[in-house]
Amino acid sequence: MKITQIQILLSLMIILPYVSSTQNYTALVSLITKDTITSLYTMKLDFNESYVIDLSSPFLWYHCPKVRYPRVSSLSSHCSQARSYYHLSPSLCTRPPKSSSTSCMVTPVNTVTKRCSSAKLTYKDLIIYWTDGRSPTSVNIFSHVYISCAPKSLLRSLPTGALGMASLSQSQLSLTTQFSSEVKKQFSLCLPSTNATPGVLFFGVGPFYMMPPTPFDVTTILSYTPLIKNLKALGYYIGLTGISIGGKRIQVPKGTFKPDRRGRGGVKLDTVVPYTALRRNIYDKFLEEFVNATKGVPRVKSVEPFDLCLNSTDLGYTRVGYGVPQIDLELANGKNWTIFGVNSMKQVNDEVACLAFVDGGEMADHAVVIGSFQMEDNFLMFDLVESNLGFSSTLYFIRTSCGNFNFTTSN
């Protein structure tokens, strides 16, 4: 009988004890669910509350209950921190209304719809599981986690049942920072490619084991590249020197992938963008090279938002997806993040697969935005202490996936 995610959560609620100390555990864990309608991913907090995972927003927000909720003083440091992020999205948000002595007014942003609102900062207790890296072990309660209220209208375009958005950014009020009182300021993201089994999100340090056939510590196969500071944004950026397709580098001017002095450009990772978007001058060369590399495969009519679609029945299939030329993101420190068919070709119907990269436009804010499809079933470790990104490429190479963490058993 198939075990549902609800059954997993209910069993853990019964089995696992509540604790307020680390008990020598060095990591926290939450399951990740993919919503196939919106292509967004939610994490679980408080057993059954779903929050959309976002790498760029300044703080958590949710639709507060109508009952009375705690207020945060405008004189507090947390209020000052929350209000200080307004300048990062001035085109979306009006300046936060003036706070009173008993309440702090802030501007939560829906990064999917690019809509903003004014609301009050509050705090609440959040429950999340400890893990020994193999399975959930016991339950921890974080008290006074700061979170913004938001009107119901801000939930538009989020998955059904999502209460709000969970910030995993570098801000002082992100979950990553607020959980760092008990674990290292680091999180690891493993997005599932299906809604049939949950992916996994860790806060803190490993080892982290995936099944089957035997538990395997995925941190042992990671390559690393520095995270690039962008003083104009809270998201995560990496250095890129080029892109190769089938071993052949696309021809773009030197410095194409670097951000300018105003913070525009650069290469960003974004979980609310479904497919990697390339600025048009990069995309045109990228598409041209991929077309040349697959010229022996019959074309079919394109399917939005994609420009190149192939007859998938004429593509061979391997352990790592369709047998198309590999795409290498050539990183600034000499490492390659290799993208194989499973993360480059999107199956749109039984006989058609499309190149899952899109045109970001001539005036795109970034040179490249790495989208969630390219992250699926890749293990990504964001180390905010050392300012490094660990990455695995597809886990299919080691015969596992992001859906293979053991959520069903306990120590």
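Considering every residue within the stretch 234-247, establish whether at least one is over 24 Å from ASP328 (Cβ atoms) and open to solvent by 10 Å² or more (accessible area, probe 1.4 Å). The answer is yes, given that some residue of the stretch 234-247 is over 24 Å from ASP328 (Cβ atoms) and open to solvent by 10 Å² or more (accessible area, probe 1.4 Å). Any chance the stretch 252-265 includes a residue that's under 26 Å from TYR396 (Cβ atoms) and of a type outside the set (A, V, I, L, M, F, W, C)? Checked against the condition, which is being under 26 Å from TYR396 (Cβ atoms) and of a type outside the set (A, V, I, L, M, F, W, C), the stretch 252-265 yields no hits at all. Based on what the data block shows, is SER171 open to solvent by less than 50 Å² (accessible area, probe 1.4 Å) and at pLDDT below 95? Yes; evaluated as a whole, the condition is true for this residue. LYS229 meets all of the listed conditions (1) in contact with an Asp or Glu (Cβ under 6 Å, 6 or more places away or on another chain); (2) open to solvent by 60 Å² or more (accessible area, probe 1.4 Å) but one, namely (1). Filtering the stretch 329-338 for residues that are over 19 Å from PHE391 (Cα atoms) and either surrounded by fewer than 20 Cβ atoms within 10 Å (Cβ to Cβ) or within 25 Å of the chain's Cα centre (by Cα) (or both) leaves an empty set.
Would you check if THR338 is among the polar types (S, T, N, Q) and without any contact (Cβ under 8 Å) to a residue 40 or more places away in the chain? Considered against the rule, which asks whether it is among the polar types (S, T, N, Q) and without any contact (Cβ under 8 Å) to a residue 40 or more places away in the chain, THR338 comes out as no.
Among the criteria (1) farther than 30 Å from VAL385 by Cβ; (2) among the aromatic types (Phe, Trp, Tyr); (3) touching a Gly at 6+ places or on another chain (Cβ under 8 Å), the one PHE257 does not fulfil is (1). Open to solvent by less than 70 Å² (accessible area, probe 1.4 Å), modelled with pLDDT of 95 or more, in contact with a helix residue (DSSP H, G or I) (Cβ under 8 Å, 6 or more places away or on another chain) and hydroxyl-bearing (Ser, Thr, Tyr) - does that describe any residue in the stretch 343-356? Yes; the residues of the stretch 343-356 include at least one that is open to solvent by less than 70 Å² (accessible area, probe 1.4 Å), modelled with pLDDT of 95 or more, in contact with a helix residue (DSSP H, G or I) (Cβ under 8 Å, 6 or more places away or on another chain) and hydroxyl-bearing (Ser, Thr, Tyr). Could you grab me the full set of residues in the stretch 171-211 that are farther than 20 Å from LEU227 by Cα and part of a strand (DSSP E or B)? Passing the criteria: GLY199, VAL200, TYR209, MET210. On inspection, GLY164 passes the criterion of being open to solvent by less than 10 Å² (accessible area, probe 1.4 Å) and farther than 22 Å from TRP130 by Cα. Please work out which residue is least open to solvent (accessible area, probe 1.4 Å), limiting yourself to the stretch 31-65 and to residues that are in a loop (DSSP other than H, G, I, E, B) and of a type in the set (Val, Ile, Thr). This residue is THR38. Kindly indicate whether PHE208 is within 16 Å of TYR129 (Cα to Cα) and either open to solvent by 50 Å² or more (accessible area, probe 1.4 Å) or in contact (Cβ under 8 Å) with a residue 12 or more places away in the chain (or both). It is true that PHE208 is within 16 Å of TYR129 (Cα to Cα) and either open to solvent by 50 Å² or more (accessible area, probe 1.4 Å) or in contact (Cβ under 8 Å) with a residue 12 or more places away in the chain (or both). Tell me whether the stretch 188-199 contains one or more residues that are crowded, with 18+ Cβ neighbours inside 10 Å and farther than 26 Å from ASN48 by Cβ. Among the residues of the stretch 188-199, not one is crowded, with 18+ Cβ neighbours inside 10 Å and farther than 26 Å from ASN48 by Cβ, which makes the answer no. Being under 30 Å from THR42 (Cα atoms), out of contact with any Gly (no Cβ under 9 Å at 6 or more places or on another chain) and at pLDDT 95 or above is a property that GLN326 lacks.
Highlighted here are the strands (runs of 3 or more DSSP E) found entirely within the stretch 233-292 that include at least 1 residues which are polar (S, T, N, Q) and in contact with a strand residue (DSSP E or B) (Cβ under 9 Å, 6 or more places away or on another chain): 240-245, 276-278. Tell me, which residue of the stretch 117-156 that is part of a strand (DSSP E or B) and either open to solvent by 40 Å² or more (accessible area, probe 1.4 Å) or basic (Lys, Arg) (or both) is farthest from LEU75 (Cα to Cα)? Step by step, filter the stretch 117-156, then rank; the result is ILE141.
Which of the residues that make up the stretch 299-325 are under 25 Å from GLY361 (Cα atoms) and open to solvent by less than 70 Å² (accessible area, probe 1.4 Å)?
Across the stretch 299-325, the qualifying residues are VAL300, SER302, VAL303, PHE306, LEU308, CYS309, LEU310, PRO325.
Give me the residue from the stretch 387-411 that is in a loop (DSSP other than H, G, I, E, B) and within 19 Å of the chain's Cα centre (by Cα) and, out of that set, nearest to PHE306 (Cα to Cα).
Filtering first and then ranking leaves SER401.
Does PHE382 count as within 17 Å of the chain's Cα centre (by Cα), among the hydrophobic types (A, V, I, L, M, F, W, C) and assigned to a strand (DSSP E or B)? Judged against the criteria, PHE382 is a match.
The values are calculated or read from the model by the stated rules, or taken from the named source; none is laboratory data. What you see is a predicted model; the values in this text were computed from it and never measured. Cβ atoms come from the backbone with ideal geometry, glycine included; neighbour counts cover every protein chain shown. To get the accessible areas, we keep the full protein, side chains included, count just its heavy atoms, and leave off ligands, DNA and RNA. Shrake-Rupley method; radii C 1.70, N 1.55, O 1.52, S 1.80 Å.
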